[in-house]
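Chemist: This is the structure I have questions about; it appears just below.
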Amino acid sequence: MSRLFRDVEGGVLFPQGSVVCIGAFDGLHLGHRALVRHAVARARELGVPAVALSFEPLPREFFSKEMPPPRLTLARAKYLGLRELGADGVGLLRFDGKLSAMKAEDFVRKLLVERLRAREVWIGPEFRFGNRRGGDLSLLQAMGGELGFGAGEIEPVQRGGERVSSTRIREALRGGGFTEAAHMLGRPYAIGGRVVRGRQLGRTLGFPTANLRFPKTPALSGIYATWVHGVAERPWPSVSSFGTRPTVNGVEPLLEAHLFDFDGDLYGRHIEVEFVAKLRDELKFPDLQSLTGQMQRDAADARRILHVIVPDQEARASMCGFPTEA
């Protein structure tokens, strides 16, 4: 189990020393993964823990509260992803007024040296930190020479002749380029979370949904053909709406997945919704009847894209894991 911490200041966390990597890690794309894996490999060679440092909220969210930029990954998914990559410690540092005003030199001394006992620090291309983005590789190397740690920058990961970045992935998702996004992420784009109770309007319309909250600005919105992971041995075909539900006056972004031919209680279950294809943008309909008609067309489109036929009663019962009637 990786050790999670939130504060720059405090007691020593890794007295034996550590190898540290720092980044926003939004999406944990191939570039992020290369950085973390490099730090983990160096830590194993040195016989010390590997520590991944990030921020929550992200700095650009803190400085743009009125119009926060889109997020690919929520904090929990980021933590789990960093842990799966081998990080022994994960710092999701509280980015607030105090941290934003901290000089890069103080960040190095208080956190990297005093708290983490860093022996090496690794960053990605063009990474900056500290007040007014005053910290960079040159500063780390200069202070490392004085304080006893090494610092380095990994080579950028390229796809399609350009550096892999969260910005490129957001642009691909916005345009429905899920294959392109998957190539940069190293996996299909998916959003995970615990299923919560909604207004149950979908159930009354004949389209019950598994709902996931997304308390950040999402990188995409609309209606999608999707696969749901975590409800059966294999991914479950579905059609999903992701957005603010303008027809029913929604506000907070909500991901609503309607699982085809599924009969079961998913409340409280942790699932992942994998995006396959965009069907259309989110629209406001004049009434629920119009909305229902469009939902039926969306479901038919998603079934066709996912190659899912409407099963008969016996096949449906078998898919859901329930015995058919004798």
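The values are calculated or read from the model by the stated rules, or taken from the named source; none is laboratory data. The structure presented is a predicted model; accordingly, all values stated were derived computationally and were not measured. Positions of Cβ are backbone-derived with ideal geometry, glycine not excepted, and every protein chain shown enters the neighbour counts.
Chemist: Tell me which of these VAL48 doesn't satisfy, since it passes every other one: (1) closer than 28 Å to PRO218 by Cα; (2) not in a helix (DSSP H, G or I).
Modeler: Every listed condition holds for VAL48 apart from (1).
Chemist: Just give me the residues in region 119-138 being more than 19 Å from ALA24 (Cα to Cα) and not polar (S, T, N, Q), in sequence order.
Modeler: ARG119
Chemist: What about ARG234, is it within 24 Å of the chain's Cα centre (by Cα), of a type in the set (D, E, K, R) and either more than 20 Å from GLY27 (Cα to Cα) or part of a loop (DSSP other than H, G, I, E, B) (or both)?
Modeler: It is true that ARG234 is within 24 Å of the chain's Cα centre (by Cα), of a type in the set (D, E, K, R) and either more than 20 Å from GLY27 (Cα to Cα) or part of a loop (DSSP other than H, G, I, E, B) (or both).
Chemist: Report those helices (runs of 4 or more DSSP H) wholly inside region 57-155 carrying at least 2 residues which are over 23 Å from LEU13 (Cβ atoms) and of a type in the set (A, V, I, L, M).
Modeler: Ranges flagged: 137-147.
Chemist: Please verify whether region 205-219 includes one or more residues that are in contact with a Ser or Thr (Cβ under 6 Å, 6 or more places away or on another chain) and surrounded by fewer than 21 Cβ atoms within 10 Å (Cβ to Cβ). It would help to see each step written out before you state the result.
Modeler: So the first thing to find is which residues in region 205-219 are in contact with a Ser or Thr (Cβ under 6 Å, 6 or more places away or on another chain), and the list is 205.
Within this subset, residues satisfying the condition of being surrounded by fewer than 21 Cβ atoms within 10 Å (Cβ to Cβ) are 205.
Yes: region 205-219 contains one or more residues that are in contact with a Ser or Thr (Cβ under 6 Å, 6 or more places away or on another chain) and surrounded by fewer than 21 Cβ atoms within 10 Å (Cβ to Cβ).
Chemist: Within region 77-107, restricting attention to residues that are charged (D, E, K, R) and in contact (Cβ under 8 Å) with a residue 60 or more places away in the chain, which residue is surrounded by the fewest Cβ atoms within 10 Å (Cβ to Cβ)?
Modeler: Here the residue is ARG94.
Chemist: Against the conditions (1) at pLDDT 95 or above; (2) of a type outside the set (A, V, I, L, M, F, W, C); (3) touching a Lys or Arg at 6+ places or on another chain (Cβ under 8 Å), where does PRO69 fall short? Just the number, please.
Modeler: Condition (1) is where PRO69 drops out.
Chemist: Turning to a different aspect of this structure: Looking at region 233-254, which of its residues are at pLDDT 95 or above and either among the hydrophobic types (A, V, I, L, M, F, W, C) or not assigned by TED's automatic domain parsing to the domain that holds GLN296 (or both)?
Modeler: Matches in region 233-254: TRP236, VAL239.
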